[in-house]
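A short reminder: the numbers here are calculations on the coordinates, not readings from a lab. None of the values given here were measured: they were computed from a predicted structure. Note that we place each Cβ from the backbone using ideal geometry, even for glycine, and neighbour counts take in every protein chain shown.
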Amino acid sequence: MNYLFEIERTEIMKVQQYYNASSLEEAYQMLLLSNKNMIIAGGAWLKLSVKSVDTLLGLEHLGLDEIVENKAQIEIGSMVPLRQIETNPALIELASGILPFAIHNVMGVPIRNVATLGGTVMGKYGFSDILTALLVMNARLVFYHLGEVSLEEHLNSSRKDKDILLKIIIPKSKMSGFFKKVAITALDFAIINVALSYSSDKIMISVGARPALASLAKEAMAYFNSQSNITDDVIETCANIVINELSFGSNSRSSAEYRKNLAKVYISRGLKEVTSYEN
Amino acid sequence: MKINLVINNIKKEFNVDPSEYLLDTLRNNHYLSVKRGCDSTSCGVCTVLLDGKPVPSCSILSVRATGHEITTVEGIQKEAEKLSGYFGLEGADQCGYCNPSMALAVYALKNELENPTDDQIREYLVGNLCRCTGYVSQHKAIKKYLGDKA
């Protein structure tokens, strides 16, 4: 008898029915039927976050598990497992490989064979390393009903409409990138994560796990992009603007103050690295 | 719901609850080498191979595994014996609880990465925890196993 496991299992979700949709329209219509119908992506966090489901909708047979590359962009199906993204040669080349690198920090290979990019995007997890990296890559999302929106708009939206995420589009801009995750242990969630990209003299900066959801530091980006020369002062001022414009909180992993200090250091390092700045 | 799995190259049919996870289906049907640990995707002791790739069976609904090939450590018996020989030589196990999942993960690593570096070995296995050994002796044993082309 294992009493602890018995207690845990009483709290685990109950699914009435599992249904593999044969078309997107069928999946969408079933999704609208009940508030207790939901789509399952990778399902890695399902039992930790959901208690009761009428119909769990599978999208396995709808062709959403491919990475398609063309001249202008890379399209990642919402059901593509993280491991497939981590090992994709085109994504390893893009923006100094920050997306595969951010994924590489997510727990172990087994879970990355299960978890999908679509699940990460729709989960809007505050601890996510991946969303932080995607934000500075100008990622766009394609939904079945809504159409195309930016990842930033999706993350900032409180929209509750039911929809199906089809793919994540990343433009193939020539850019350098920087990503840093700081965690207490290798498998733990981040205390802070920072991503930067630099393309055509334009910088993008995002900070996640504050512990709030990843966000672009727009004031700092505007400041940096308006400067004609990069200097130590510009870099320091930019990092200071980031920690003042974004909110940082405290939780069991870290204080807000420590998060700010870490963010400032890694934003400065990132700015130097992506711009190849040398004093 | 009825599901069809191919477990260690043998076709099987089970009746499962839609909420049931692959770990429970396997253990309920006497595949007891698949261990329960954290039950929340963190420790890796429930690892099995799904179509040759290591996955945490505690996080895959059984209904989603239907039609797929599942491999437990019994399905790679010769390779597991070879690896466990090196584990013995290096003193790389104590309680043995993580050994089946570790063997499956190492087997998957061997198939996925050609001549992996030390860092690649460590990174590939970071999700398979062992609370006894401290990993150094395991790492030595795994390197010897990977270098054994016989």
How many angstrom lie between the Cα centre of region A:173-222 and the Cα centre of region A:27-62?
30 Å
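Summing -39500 (n - 2.57) over the DSSP H runs of n ≥ 4 in chain A and dividing by its residue number, what mean residue ellipticity at 222 nm do you reach, to the nearest 500 deg cm²/dmol? Please report the intermediate quantities before stating the final value.
Numbers: 13 runs with 106 residues, N = 279.
-10500 deg cm²/dmol, from helical runs alone.
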If I build a Gaussian network model for chain A, linking alpha-carbon pairs within less than 10 angstrom, which residue out of A:E86, A:E148, A:E257 has the largest mean-square fluctuation?
A:E257
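Nearest 500 deg cm²/dmol is fine: what mean residue ellipticity at 222 nm does chain B get from its DSSP H runs of n ≥ 4 alone, each adding -39,500 (n - 2.57), divided by its residue count? Intermediate results must be reported in sequence, preceding the final value.
Values: 5 runs with 54 residues, N = 150.
Computed mean residue ellipticity for chain B: -11000 deg cm²/dmol.
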A:M13 to A:S276: FRET efficiency via 1/(1 + (r/R0)^6), r the Cβ-Cβ distance, R0 45 Å, to the nearest 0.05?
0.35
Determine Rg/Rh for region A:1-138; Rg is computed over alpha-carbon atoms and Rh is the Kirkwood hydrodynamic estimate from the same atoms.
1.02
Taking the 0 to 90 degree range and rounding to the nearest ten, how far is the long axis of helix B:77-90 tilted relative to the main principal axis of chain B, both from C-alpha atoms?
40 degrees
Taking the Cα atoms of the protein assembly as shown, what is the range of coordinates along each of the three principal axes, in descending order and whole Å?
68, 57, 45
Helix A:232-245 versus the longest principal axis of chain A: what is the Cα-based angle in degrees, 0 to 90, to the nearest 10?
40 degrees
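In µm²/s, what is D for region A:67-207 at 20 °C and 1.002 mPa s, where D = kT/(6 pi eta Rh) by Stokes-Einstein and Rh is the Kirkwood radius from Cα pairs? Kindly include the intermediate steps, with their values, before the conclusion.
Values: Rh = 15.1 Å.
Rounded to a whole number, D works out at 142 µm²/s.
Give, rounded to the nearest 20 debye, the magnitude of the charge dipole that the protein assembly as shown has about its Cα centre when Lys and Arg contribute +1 at Cβ and Asp and Glu contribute -1 at Cβ.
Around 500 debye, computed over the protein assembly as shown.
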Which whole-number percent gives the relative contact order of chain A, counting Cα pairs below 8 Å spaced six or more residues apart?
14 percent
Could you tell me how far the Cα centroid of region B:1-55 sits from the Cα centroid of region A:235-279, in Å?
44 Å
